[in-house]
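Asks: Take a look at the following structure, please.
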Amino acid sequence: MPQLFTKRASTGLRVALALAVLTIAAGGAMAYLWARSPAAWNVGVPARQPIPFQHSLHAGTLGIDCRYCHATVKRAADAGMPSTGTCLSCHSQVWTGASLLAPLRTAEAFGEPLAWVSVSRLPSHAYFHHGAHVSKGVACETCHGRVDLMAETVKAETLSMGFCLECHRDPVPRMRPREEVFKVDWKPHDAGLPLELRAFYREAARRLTDCHTCHR
């Protein structure tokens, strides 16, 4: 029976098949890497806010404490967003006629909250409690970065499952004395946490990495 394909055609087919397999593998690898890159999690991307609020001015230059605007951060799951009353406690006297603050005045007039857009919101299947973390010595800066330097608030970390687990497996290096939680640019040192507290949290890592801790 005569040969249907020449040797050259058979070689070309083998090369084409090999290239197809390599292309699929490379595509899968690129998709895997991209899904774990900061870009896939909107790291560094500012959200459009109703008012162009500057953390660098309020938390940085003016030194306003995080808890003044995020009032429930120490006791609740949600840190809370500033209400119109919170903003107007200053802006009823400062920049009262600024056009940038028109949405604030409108919200107050209609008795509605400002529609702030969270840049660090977790998916609904992940349970997170701000109060539980802050009360144990996890600083705002750990997850939200140096917001006191941000003209536009952006996501500083992926806040992915991998990010959370990395901390939960060994929380001690990211912890501070409780009185230093809201301090920016804090420098860690060995005397920061008592040895018994370090030992406690290293032991607690087994519970912190249990699925039920974050997925309830």
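The values are calculated or read from the model by the stated rules, or taken from the named source; none is laboratory data. All figures in this text were calculated on a predicted structure; none of them were measured in a lab. Here Cβ is always computed from backbone atoms with ideal geometry, including for glycine, and neighbour counts include all displayed protein chains.
Asks: Taking the conditions exactly as written (within 31 Å of the chain's Cα centre (by Cα) and assigned by TED's automatic domain parsing to the domain that holds Val181), does Ala59 satisfy them or not?
Replies: Judged against the criteria, Ala59 is a match.
Asks: Failed condition for Arg8, given (1) touching a residue at least 60 places away in the same chain (Cβ under 8 Å); (2) exposed (fewer than 11 other Cβ atoms within 10 Å of the Cβ); (3) not hydrophobic (A, V, I, L, M, F, W, C), with all others met?
Replies: Tallying (1) touching a residue at least 60 places away in the same chain (Cβ under 8 Å); (2) exposed (fewer than 11 other Cβ atoms within 10 Å of the Cβ); (3) not hydrophobic (A, V, I, L, M, F, W, C), Arg8 fails exactly one: (1).
Asks: Kindly indicate whether any position in region 175-182 is in a helix (DSSP H, G or I) and within 26 Å of Leu122 (Cα to Cα).
Replies: yes
Asks: Restricting attention to region 51-66, and to residues there that are out of contact with any Asp or Glu (no Cβ under 8 Å at 6 or more places or on another chain) and crowded, with 16+ Cβ neighbours inside 10 Å, which single residue is farthest from Arg178 (Cα to Cα)?
Replies: Ile51
Asks: Report yes if some residue within region 140-152 is of a type in the set (A, V, I, L, M, F, W, C), under 22 Å from Tyr68 (Cα atoms) and touching a Lys or Arg at 6+ places or on another chain (Cβ under 9 Å); otherwise report no.
Replies: no
Asks: Within region 40-50, how many residues are loosely packed, with under 10 Cβ neighbours inside 10 Å and in a helix (DSSP H, G or I)?
Replies: Counting residues in region 40-50 that are loosely packed, with under 10 Cβ neighbours inside 10 Å and in a helix (DSSP H, G or I) gives 0.
Asks: Name the residue that is surrounded by the fewest Cβ atoms within 10 Å (Cβ to Cβ), counting only residues in region 111-143 that are aliphatic (A, V, I, L, M) and in a helix (DSSP H, G or I).
Replies: Ala132
Asks: Go through the residues of region 153-160 one by one and say whether even a single one is surrounded by fewer than 15 Cβ atoms within 10 Å (Cβ to Cβ) and modelled with pLDDT under 95.
Replies: No: region 153-160 contains no residue that is surrounded by fewer than 15 Cβ atoms within 10 Å (Cβ to Cβ) and modelled with pLDDT under 95.
Asks: Considering only region 71-110, state which residues are among the aliphatic types (A, V, I, L, M), surrounded by 13 or more Cβ atoms within 10 Å (Cβ to Cβ) and in a helix (DSSP H, G or I).
Replies: Leu88, Leu101, Leu104, Ala107
Asks: Here's a follow-up. Pairs only if they're at least six apart or on different chains, beta carbon under 6 angstrom, first in region 163-184 and modelled with pLDDT of 90 or more, second acidic (Asp, Glu) and part of a loop (DSSP other than H, G, I, E, B); list them, first residue then second.
Replies: So the pair list comes out as Phe163/Glu157.
Asks: Does Leu33 count as assigned to a helix (DSSP H, G or I), at pLDDT 95 or above and exposed (fewer than 15 other Cβ atoms within 10 Å of the Cβ)?
Replies: Spelling it out, it is not the case that Leu33 is assigned to a helix (DSSP H, G or I), at pLDDT 95 or above and exposed (fewer than 15 other Cβ atoms within 10 Å of the Cβ).
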